[in-house]
Structure formats: structure tokens, C-alpha cells
Amino acid sequence: MCVCTHTFYSISAKAERFSLGRRAHAHAHASLDRLWDVTLCERSRTRQGDSKCRTLQLLKNMAATSTNTCQPTERSFRDRVPPLLTDLYQFTMAYAYWRAGRDQETAVFELFFRENPFGGAFTLFAGLNDCLRFLRSFRFGEDDVEFLRSVMPPTTDPAFFQVLLQLDCSKVTVRSVPEGSVVFARVPLMEVEGPLAVVQLVETSLLCLVNYASLVCSNAARFRVAAGPERKLLEMGLRRAQGPDGGLTASRYTYIGGFDLTSNVQAGFLFGIPVTGTMAHSYVTSFTCLEEVWPQTLVAANGDSDPVDFIALTKGWLIRACELLRVESRRIHEGELAAFLSYAIAYPQNFLSVIDSYSVGCSGLLNFCAVALALCELGYRPVGVRLDSGDLCSLSVDVRQVFRRCSEHFSVPAFDSLIIVGTNNISEKSLTELSLKENQIDVVGVGTHLVTCTTQPSLGCVYKLVEVRGRPRMKISEDPEKSTVPGRKQVYRLMDTDGRPFLDLLCLAVEAPPEPGVPLSCFPLCSDRSSVSVTPAQVHRLRQEVFVDGQVTARLCSATETRTEVQTALKTLHPRHQRLQEPDSYTVALSPTLQELLTEFHTANCNNVLIGN
């Protein structure tokens, strides 16, 4: 059971003094205000209790949006990736290159993965911004070099350590698909060109920054597909994540992948993600009786200076609610009621309680209704409840029916807007099953199965040499699937007449690009088929220069901006490629020229011939 201990209250006021982007903050809240206005208009035209109205209210009343634009703060966080965050053999290889006089030779590496994760047909590319920040700040300090002296073989020439002190990425060029792109297996996502020793040294760090980010972002996208477009998704996996950095990375990239909210306050501060939460069972069970509630009064929302005895008011509503629902009041758990009262007095505008600490039907729901009705009488708008155990679907239906009965019987329209949050070790499978059943859950909180990617813990990105001194290079493995495609390449995405991608074409960099409306032949990868002929309606070049001469040349987008790009990209992907179960494979193919080069390498390997140019 993953329990979120954070609360649905705003931390914006405290964060505001750290803000570096008031204009963006004002724009975000103006958007929420417009959203709320739309909700009010819709409510006049739709039946009360409509799920869309409830979830729109959620964004207005519960999510605390950080006032940071995230760029300065996020940069300071990600720039801390040190140059020693790599494997030792990178340094020993770099030393061997240097000893051989090859360290300055121009080399080209490609970063890609071999299979789409989770049995799916697509992946979201993430981590590029982190890679660019890492490359920009890549330098060795005196402490770094002194440590390397202690771990490298004692025969290492001391002059090499002086060379390391001068190394940076000023001669490195990176071409990459944009952050948040929908990508596919075997497609080179990043091309890193530069001095052989330098581009070798950055391998492990780049893989570390891309592998998990892309994996968890893709996992989040699958949860979004399972949930559908309307239901809100809350990431609450910090306590189950693989360490603090894993928790922060998960929060950022699950938001980019399609989640709406996070419980991770630090992620909200760093990345501008809306922060939210509920209430822990520990809070509820810490109370035993009404005498523990203090203060016991609450001032009305209209600012009336006369405080109201909130306990007495709630007791009156509890009797009326029990009579309406025909529940014996003696079965109500007093400690639970005390917990709800105390919390409501502390946060009358943000009252959302977990109602399954003892019994939903016999205690939790009744206690919530009593406190919520008392809040409504004083002019406040309660938020809703969280269910964390049992059959979430059937319980949510029962809870919604009670809310509607209270709304109609007591003429309290605010009960039509109460939301229901469902948590309980949610997985992709259980979320899919939940979406197929009748339920009234507005928000789903996901932790363990999201951030730990339980069905596949690693994406398996690799970083392979494809060219040195302008000459193609290829790894020919005993396992054919681990063989690489030689040569420096360009990647084109071919679109059909509906604007949907249907094939990614890998060509040598020197080849002319394909043209829209012109038929072309290509050879699908990982297939025994001969060439196929296709005619693209549109052609998009996927990779652009993003890092040149030590400088980032691409705009570093915020998490919110990248999230928008992801949702746009996924809308163009054909539904058959988005299916969670048994999706259709997406085609990645080689141009005839590249296929010929690949065949040449295989033939030469069989004959023990070295291919030059």
C-alpha cells in the first residue's frame, strides 16, 4: 500500500519568494481561472456531478503550482552531474588512445536502444536536456584528477592527468531528435561527434541520463493510455524510488509522459510541476477522541468575526447524515471524526480525507460527509475523499451515490463537485481493468509500479561507434541482434496522407533526402524481407544539431513545454502502435545505399577483409 503523506494545500506562497518567473506563474493561474470559468458554464448545461466538471475543479482548488519557471533552478540541479560519473574503463581506453596518438581523431558515436519497452511499439525520448547541460559543464577539477591517479594503473604516464585537466566538450557536436519525441527501436536518437577520447569519456554519463528518463517517461505514457484522456493522474512514488535522484527524475519525466500532478514537493520547486497530495492513515489513527481537536471553532468563509463551534455544528450534520443514509451513529469511529475535524479546521478550503482507515461505509464516508456539510454551511468548498483499499470501482460508485443523495436532500450543490481519488498499488494492468469497469474515480494516484518500472527495469540504450576519421565502423556480434549499422547517418520520418508516421528511414549522411510524393525503396530492419517500395506524403528530418563547439544550440524547454510536445506527438501516432497489448510493430528501414554498406561489412568480415573508406 503506497500512502501519500502530503496534503492538498498550496505551497505557492512560500515558494514565491524564490520565484524567477512571476510572469509564467501568472499565466498559469490565468489559464486555471479560464478553465474554472469554462467549468461553471458547462455545469449549467450538464447534469450535476459530471466527471469533467469535478476534475477541472481539481486543477483549480487542489494543485499547488510552483512559481518557478524551472529553468535557472533546474539547471543548477542538473549541472551537478560530475565528469567522474562514468566507468573506469572509459579512462583506461582514453589513456590508451592518448598513448597511441589517437585521442584527437574525429569519431562518431550513436545512442539508441534495441527494443521498445514494456512490450509496446513506441518509446518517448527523454533526458536530452540533462545531457546537454552535462556536456556544457564537462570539465575535470584537481580533485577529480587526484582521485584518478589513485585508481588508475600505476604505470599510467603522469602527463595524461595534465591532459585531463584541459579536456572539455568545445570540439563536440551533438545531433539529436528533440526531447519528448516518439521514437522507435534501432533508430539512432543521438549522434555524438568529436575527439575520440572525449566522446568515449562521456558515454556512460549520457546513457545514464537517457536510459531511465526515457523508460519512466514511456511508462507514464502507457499509464496515460490506460487511464484515458480525462482522468487525472497523480505521481506519488518518491518513497518507492531508487534514491533521491531517482525520485526527482521520476517526478519530472512522468509529468512529461502524461501525469498531471506529483506529491514530490522538491520536484515542484525544481521543475514547476503542480504539487498535490492527500492525507495519511497515520494522521487519522493518531486521533482517539473529540477532546483532541483544537481549536474547536472555525470562522465562516465570508470573514464573519464570530467563530462557530465547529464540533457542535458537525455533530448536528452527522446525525442528519446518518438518518438520511440509515446508518447507526454508534458505529462511527470518534477518533476518525476528530482527525477530519482537526484537518478541516486547519484547511477548510482544501479538505480531502482518506476514508478507509476503519470502514468506508460505516464510518469514514459518514464522518467526511458530516464535516464537509458543516464546511459548506460556513461557505467553504470541500474537495473530496481518497480510497486506498478494497474494490476501488464499486466503492467509488457507492461514494458518489452518497454524495448525490446529500446534494439533493440537503440542497448542497458543492457535493456535486466532490472528487474521488483512488490509490492502492495501482499498476498498468489494474488501471486498464479499472477503466473498463463502472467507476467514479476522478484521480488515480500511482507510485511503485510507475517509478520503479516493475515490468521492465531498464531500457537498454547503447552507445556505439559508427565512424572514425570519416571511415565507417561496425560491431559484428555473435548475436546478430547486437550488431550495429555502420556509418554516419541521417534519419527521416515518413508520414502518410493522414499526417501519421509509418516508417523511419535510416540513410547515410551523404545521401540526398527522400522527397514527398516520390516512391522509394528501402530495407526493413530485423526482417528477412527484401526491399519494399513506399511513397511518403510528408518527410521530416528527425535529428538536428543541438550542441556545437561546447555550446547548447537548442532551446532547453521546461517540463511543461516538453509535456505539451509529447501529447501532440502521441496524437499523431496511429492507435495500432499505441495499443498496450499486441500493438503493431513500427517499421524502421535502411536506404539501399546503407543496406549495401551493411552487406559489404558482413561479407568482408566473413572473408577477413578490412573495409577502408
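What the table below lists for this structure:
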quantity	calculated
Most to least packed among 220-232, 237-249 [average Cβ atoms within 10 Å]	220-232, 237-249
Net charge, Thr314 excluded, C-beta distance under 13 Å - Lys, Arg +1, Asp, Glu -1	-2
Contact order relative to length of the chain, as percent, for alpha carbon pairs under 8 angstrom and 6 or more apart	20
Length-normalised contact order of region 281-422 in % [C-alpha pairs under 8 Å, at least 6 apart]	24
Cα-based Kirkwood hydrodynamic radius, region 217-271, one decimal, Å	11.1
Backbone HN-Hα couplings from phi across region 111-128 [Karplus 6.51/-1.76/1.60, Hz, Gly and Pro as x]	10, 7, 10, 9, 9, 5, x, 6, x, x, 10, 9, 9, 9, 7, 9, x, 4
Binned Cα-Cα distances of region 417-560, short to long, each 10 Å bin given as a whole percent	8, 21, 25, 25, 16, 5, 0
Other-chain or far-sequence residues with amide H under 5 Å of Lys475's (modelled H)	Thr484
Proximal lysine pairs, the chain, alpha carbons under 27 Å, eight or more residues apart or interchain	22
CD proxy at 222 nm, helix term only [per DSSP H run n ≥ 4: -39500 (n - 2.57); per residue of the chain; nearest 500]	-12500 deg cm²/dmol
³J(HN,Hα), Karplus 6.51/-1.76/1.60, whole Hz, each residue of region 517-527, x for Gly, Pro	x, 10, x, 9, 9, 8, 10, x, 6, 6, 9
Fraction of antiparallel bridges per DSSP, the chain only, in percent to nearest 5	70
Low-density loop cleavage sites - trypsin sites (Lys or Arg not before Pro) in region 313-405, where at most 12 other Cβ are within 10 Å (DSSP)	Arg326
Under 5 Å, built H, 5+ apart or other chain: amide partners of Ile419	Gly384, Val385
Formal net charge of residues neighbouring Glu292 (Cβ-Cβ distance under 14 Å; K, R +1; D, E -1)	-3
Rounded, prolate or oblate (a/c below 1.5 giving rounded, otherwise prolate when a/b exceeds b/c) for region 330-484 by Cα gyration tensor	prolate
5 angstrom amide H check on Leu525, placed H, neighbours 5+ away	Val588, Ala589, Leu590
Cα convex hull of region 281-422, projected area averaged across orientations, nm²	7.6
Environment charge at Ala338 (Cβ cut-off 12 Å; Lys +1, Arg +1, Asp -1, Glu -1)	-3
³J(HN,Hα), Karplus 6.51/-1.76/1.60, whole Hz, each residue of region 416-427, x for Gly, Pro	6, 9, 5, 9, 10, 9, x, 9, 2, 6, 5, 10
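Every read-out reported here was derived from the displayed coordinates using simple, explicitly stated rules and does not represent laboratory data. As the structure is a prediction and not an experimental result, all values here were calculated from the model. Positions of Cβ are backbone-derived with ideal geometry, glycine not excepted, and every protein chain shown enters the neighbour counts.
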